[in-house]
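Following: one structure in structure tokens, then a few remarks.
The values are calculated or read from the model by the stated rules, or taken from the named source; none is laboratory data. Quantities reported herein were computed from a predicted structural model and do not represent experimental measurements. Cβ atoms come from the backbone with ideal geometry, glycine included; neighbour counts cover every protein chain shown.
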Amino acid sequence: MTPRICFIGDSHIAALRQALDDPRGAVYKDRITMFGSRGTGLKSSIIRDGELISDDEAVRGNLLFTGGSESIAIDAFDVFCIVGSQVKLDLMERTLEDCAPASMPLPGRAPISSGLMDKLFAERLKMTLAYHLATLLHTTGKPVYLIGNPRHAEEILNHEQGAFYRTLIEAGVEQEYLRWFNQAFTALFGPFAQIIPQPASLLATPMFTRQEFTKGSVLLTKKLKEHPETDFAHMNADYGVAVLATIMDIIDGDWADVHAVGNGKVARN
Amino acid sequence: MDTPYSNLPPSRYWRSGVAEADPARLEDLYAKKFEIGPDDVIATAGSCFAQHVARHMRARNFKIVDTEQLPDWVPPAVAKEYGYQLYSARYGNIYTIRQLRQLLADSLTGTVRGEDVWEKDGRYYDALRPSVEPDGLDSAEEVLEHRRYHLGRVKLMFEKTDVLIITLGLTEAWQRLDTGTVYPTAPGVIAGQFDDTKFGFVNFDFFEIYNDLVAIRETLLAIKPNIRFLLTVSPVPLTATASGDHILIASTRSKSILRTVCATLKDKFDNIDYFPSFEIITSPGAKSGFYESNLRSVKEEGVDAVMGIFFSSHRPSGAVDKPQADRPAKKRKKRRVEVTDEDVVCEDALLEAFQK
């Protein structure tokens, strides 16, 4: 038996949806259902009587459009996988405009302690849709996986939106920032979900996705309209195919491990 | 025949002024000496009761300066845990006037002292504000760097301030014997180690506190010629005393000296006023009802009574009748936060943990 998998998330689920429509991803189509809602709409979701529901009409409409029903029946799935949902590398951009710890010396910022920086990372991550969904879905007792937003495409460095990354790189603190981000992300989400990192083969550097994956990304709308060229955050079907394969390998591997030993419980979550 | 005590208003008689009066609405208790206008920049400092003053004034749109802020998305509970949003800069509780005088002098000269870094379990603390970093810092050098930045922000705060509200808390303190530097906590309470060859107990008297406040006034007048001072005395009794006296004697000594200094300064200087927080909470008419069951912490209704009387006199245009929210600065988004005494950061409460 293979697990029935529910993907849930924000606009970043569009790349995976494209992958399912691609011959390379179609193999998974029968056991995957994808529910998405743009922005932070799914923060309105709760679980009641075995269903993930929202009192937001627009969100219900999005769930119906993407997954075929206005709510998600928890028992219809064996595994949940959260996609994107605001876990993005630049989530501390505004914070680091004002303050920075000693290990990330940025000119003109108020000094803060490493302890406070840990706290701020954690608090900022708690505000994400992913945290809402992970803590919510964790209560179902079913395995929960999480793959955050893709790293921005490297081309962002040549545009205004890349100011944050340029600042880190010019100060020589990008590796330290990345270390901090990964540590905070793992520490906060670890108890609720198994984190799936972005496959290394898709990265140009540890901070950036290879440029080719951002060409032809689509909006999470009925017409799957293309993002503008200056969208360096959303990825295309090629990216989706590679990520989907990675996710499915991990989920199926875990599932097989657990069911081979017959303890009925997924070990890694 | 009339006497000087005939035909006085009800507030001049104990029976009508206190015994039969509503303790939360004492009439004619406070006559302000000066206005606090809508454009006046207000700074607050003092013992932990002062946090209530700052919080209520912010909530009523008074222009409370805050020169050390975190990004506006940070939850207030986290900010307060790290000493933000409590006062007008991140100096924590200032229990004695000597401490305030010292902070003012250090901020104007940019003075930091290596001996004011205390260590505990491999972490390093600013002994002059040890509670602002609950887990300390990574190195002594980092503490000094943070302190340099902090002093710059404190200097900026003083330069901006039109009205400085000081809540006088204690007369007792611990100081370094060689430099006279005064600390908000005894060595060993939060960090550091007590060594009686280095540290000594001091219990400031009337003259010392009076002179310190006069010196603070003169220094700030040189920076801001129109600065005004509003003094209050914290109604929160001492948690513990190192004076050798019974705690009741020690607390009464402390509060009465502080109160007398305030009265003397108010009478002497036009730009110094006194607001009777202490009297409102400790009035026999309140029958200790404004205190929690520990007879020390002030209940929220006690704080409301104090601030209600304050706001009945000080209502600049732009101020609002009812609190807007608990928010640290004008640019912050409104947040509704339930406030309890637990939300007030008070190092001296730690002393109770040391009681055997």
Task: Looking only at segment A:3-57, and only at residues there that are in contact with a Pro (Cβ under 9 Å, 6 or more places away or on another chain) and assigned to a loop (DSSP other than H, G, I, E, B), the one that is surrounded by the most Cβ atoms within 10 Å (Cβ to Cβ) - done: A:His12
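If you go through segment A:171-183 one residue at a time, do you hit one that is within 13 Å of chain B (Cβ to nearest Cβ), under 22 Å from the mean Cα position of the chain (by Cα) and closer than 23 Å to A:Ile13 by Cβ?
No; the residues of segment A:171-183 include none that is within 13 Å of chain B (Cβ to nearest Cβ), under 22 Å from the mean Cα position of the chain (by Cα) and closer than 23 Å to A:Ile13 by Cβ.
Tell me which residues, restricted to segment B:100-153, are among the polar types (S, T, N, Q), surrounded by 17 or more Cβ atoms within 10 Å (Cβ to Cβ) and touching a strand residue (DSSP E or B) at 6+ places or on another chain (Cβ under 7 Å).
The answer is B:Gln102, and nothing else.
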Task: Residue identified as away from every other protein chain (no Cβ under 14 Å) and at positive phi among B:Asn61, B:Asn93 - done: B:Asn61
Task: Scope segment B:72-86; condition at pLDDT below 95 and either crowded, with 24+ Cβ neighbours inside 10 Å or under 22 Å from B:Gln175 (Cβ atoms) (or both); matching residues - done: B:Gln85, B:Leu86
Task: One residue from B:Thr241, B:Thr232 being surrounded by 23 or more Cβ atoms within 10 Å (Cβ to Cβ), under 29 Å from B:Gly302 (Cα atoms) and at pLDDT 95 or above - done: B:Thr232
Task: Any pair with Cβ under 7 angstrom, 6 or more apart, that starts in segment A:18-36 at a residue that is in contact (Cβ under 8 Å) with a residue 24 or more places away in the chain and under 8 Å from A:Cys6 (Cα atoms) and ends at one that is crowded, with 20+ Cβ neighbours inside 10 Å and among the hydroxyl-bearing types (Ser, Thr, Tyr) - done: A:Met34/A:Thr66; A:Phe35/A:Thr66
TODO: Give the residue that is nearest to the other protein chains (Cβ to nearest Cβ), with candidates limited to residues of segment B:64-90 that are within 22 Å of A:Arg124 (Cβ to Cβ) and in contact with a His (Cβ under 9 Å, 6 or more places away or on another chain).
DONE: B:Glu68
- [ ] Find the residue count for segment A:110-122, including only residues that are crowded, with 20+ Cβ neighbours inside 10 Å, assigned to a helix (DSSP H, G or I) and either more than 20 Å from the chain's Cα centre (by Cα) or within 7 Å of chain B (Cβ to nearest Cβ) (or both).
- [x] 4
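Take B:Thr260 and decide whether it is part of a helix (DSSP H, G or I), in contact (Cβ under 8 Å) with a residue 24 or more places away in the chain and surrounded by fewer than 15 Cβ atoms within 10 Å (Cβ to Cβ).
yes
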Task: Verdict on B:Leu128 being under 28 Å from B:Phe201 (Cα atoms), modelled with pLDDT of 95 or more and either among the basic types (Lys, Arg) or in a helix (DSSP H, G or I) (or both) - done: no
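Of the residues B:Phe201, B:Phe207, B:Phe194, which single one is assigned to a strand (DSSP E or B) and without any contact (Cβ under 8 Å) to a residue 60 or more places away in the chain?
B:Phe201
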Task: Residues located in segment A:67-89, provided they are within 27 Å of A:Ala153 (Cβ to Cβ) and either touching a Cys at 6+ places or on another chain (Cβ under 8 Å) or away from every other protein chain (no Cβ under 14 Å) (or both) - done: A:Cys81, A:Ile82, A:Val83, A:Gly84, A:Ser85, A:Val87, A:Lys88, A:Leu89
- [ ] Output the number of the condition that B:Phe199 fails; it satisfies all remaining conditions of (1) touching a Lys or Arg at 6+ places or on another chain (Cβ under 9 Å); (2) closer than 24 Å to B:Ile165 by Cβ; (3) of a type in the set (Phe, Trp, Tyr).
- [x] (2)
